[in-house]
Amino acid sequence: MAGLTASAAAMVVLVSACGGTGGGAASAPKNFSYLSVTENTTVRTALTTLSKGACTSANEALPLKVETVPQASLDQKLQLLAGQNALPVQFAAGNAPALTSKLYKAGQVADLEKQLKSLGVYDQLEPGAVSTIKALYGGKLAVLPYEYNIEGIFYNKKIFAANGLSEPQTWDELVAAAAKLQAKGVQAFSASGQQGWPITRLVSGYLYRSLGPDALKDVADGKAKLTDPQYVQAAQAVADLGKKGYFGKGVGSIDYDTAMNQFLSGKAAMFYMGSWALANIADAKQDKVGADNVGFMPFPAVTGGKGSIGQYPSNVGLGITLGAKTFDSKTGAWVSCIAKNYGSTALKDQGAISGFKVNSSVTDANAVTSQVRSTISDSKQNVLWFEALFSTKATTVSQTNAASLVNGTMSAQQFMQTVQDALNAQ
């Protein structure tokens, strides 16, 4: 993912120092402009549906206009637009919460709690989603929960049954299952080394199970370092999966879509991913194994660890926010309509779970969607992900080096040292 370039970083600092106003108010927007990432089609598809249905009147007053950029280019694009006082009405927030927090403090991002309460639709947000957002953004509702996800391991039930496997409950059982699959010529895991975060999520999963839910908060608070032995152990556990070939060949060159396709076409038995993947699983054109053959399990327990398999990593996907200067009454009409209708539309049409309440009766697309929705409702304690509390720089360093961790070109110690060095530099 793109990191802060020196010029872009300076631009953000300059915007912050100026209060992000640019010396004058922005003109009223002519479109409900939405900057999205190429890789995520769920939100823009749902917004397009709303523009032709429940939100027709809002769209007539302020037509929806979608622009996309690759996710790797998003941060730089936002920094440049912010420096030009040209952020769109609505946009995918930065890849790391740190960037959006800077823009919020600079007055570039709308105070969404204030705006939604003023519109009378704040109660349309799920409390769990609000809690997750505020944990990420320093107590501020800086983004909207177009997605509300828990993470875990999706698995191919047919492959498991054919190889006499049941759901692994511990890390050791997971590794044993991968070894058995490997011996039968079946790729155990699908993962995108190109994006990196699907691999670092495994590191944080191990950390939360071994050290407990405060494992990465302790690093952020300076109580621990990623180079401490128990932290390196987590990276080593994931590196060992790669050393044994459980991610298949060329994981470093595999992008998100390819990794998704590997799993949905039956070429890999397991896929660590967030519940946003339910939209892909519900799409018969993508899912060749069949939704009924997909199961979902929590990240397994680490023997003797302080964490619990009931603690699910949660997130709101790639957060989406609104510009402060373009939030007028027409924008408000759109936001009000979204708050009331997005949850039902995304779930009904795409099987996607959001942090907006579902205000109409919707039948789940499949059993695994029902399972995940039930898990979200029953979850008592959630945790974040590996880079959630990292700086933009450390996030980039972590994710760009993740493939090296599993292909053997970087040791677990080197990987954790490299990321810790980036954290020290923030």
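Couple of notes before you dig in:
- Across the stretch 182-228, the number of residues qualifying as under 19 Å from the mean Cα position of the chain (by Cα) and either hydroxyl-bearing (Ser, Thr, Tyr) or assigned to a loop (DSSP other than H, G, I, E, B) (or both) comes to 12.
- Residue in the stretch 325-332 that is assigned to a loop (DSSP other than H, G, I, E, B), within 28 Å of LEU35 (Cα to Cα) and among the charged types (D, E, K, R) present: yes
- Only residues that are of a type outside the set (A, V, I, L, M), assigned by TED's automatic domain parsing to the domain that holds TYR122 and farther than 19 Å from TRP276 by Cα were counted across the stretch 332-367, and they come to 5.
- Taken over the stretch 273-302, the residue count meeting the criterion of being touching a Phe, Trp or Tyr at 6+ places or on another chain (Cβ under 7 Å) and of a type outside the set (A, V, I, L, M, F, W, C) is 3.
- The condition (being outside any strand (DSSP E or B) and over 23 Å from TYR342 (Cα atoms)) is satisfied by just one residue among LEU116, LEU50, LEU80: LEU80.
- Condition check for ALA86: closer than 24 Å to SER275 by Cα and either outside the structural domain of ILE254 (by TED's automatic domain parsing) or surrounded by fewer than 24 Cβ atoms within 10 Å (Cβ to Cβ) (or both): no
- Residue in the stretch 285-292 that is surrounded by fewer than 16 Cβ atoms within 10 Å (Cβ to Cβ) and in contact (Cβ under 8 Å) with a residue 60 or more places away in the chain present: yes
- Residues that are outside any helix (DSSP H, G or I) and either open to solvent by 10 Å² or more (accessible area, probe 1.4 Å) or of a type in the set (Lys, Arg) (or both) within the stretch 25-47 comprise ALA25, ALA26, SER27, ALA28, PRO29, LYS30, ASN31, SER33, THR38, GLU39, ASN40, THR41, listed in sequence order.
- Only one entry in LEU144, LEU103 is at pLDDT 95 or above, in contact with a strand residue (DSSP E or B) (Cβ under 7 Å, 6 or more places away or on another chain), of a type outside the set (Gly, Ala, Ser) and open to solvent by less than 30 Å² (accessible area, probe 1.4 Å), namely LEU144.
- Candidates are the residues of the stretch 60-75 that are surrounded by fewer than 21 Cβ atoms within 10 Å (Cβ to Cβ) and touching a Leu at 6+ places or on another chain (Cβ under 8 Å); the one that is farthest from LEU103 (Cα to Cα) is LEU64.
- Criterion (out of contact with any strand residue (DSSP E or B) (no Cβ under 6 Å at 6 or more places or on another chain), open to solvent by less than 10 Å² (accessible area, probe 1.4 Å), more than 30 Å from LYS114 (Cα to Cα) and assigned by TED's automatic domain parsing to the domain that holds ASP292) met by exactly one of VAL219, VAL203, VAL175, VAL232: VAL203
- Looking across the stretch 382-423, just one residue is open to solvent by 30 Å² or more (accessible area, probe 1.4 Å), out of contact with any Gly (no Cβ under 6 Å at 6 or more places or on another chain), at pLDDT below 95 and not in a loop (DSSP other than H, G, I, E, B), and that is ASN382.
The values are calculated or read from the model by the stated rules, or taken from the named source; none is laboratory data. Here the structure is a predicted model, which means the values were calculated and not measured. Reconstructed Cβ throughout: ideal geometry from the backbone, glycine too, with neighbour counts over all protein chains shown. Ligands, DNA and RNA are stripped out before the accessible areas are found, and what is left, the full protein with its side chains, is counted by its heavy atoms. Shrake-Rupley method; radii C 1.70, N 1.55, O 1.52, S 1.80 Å.
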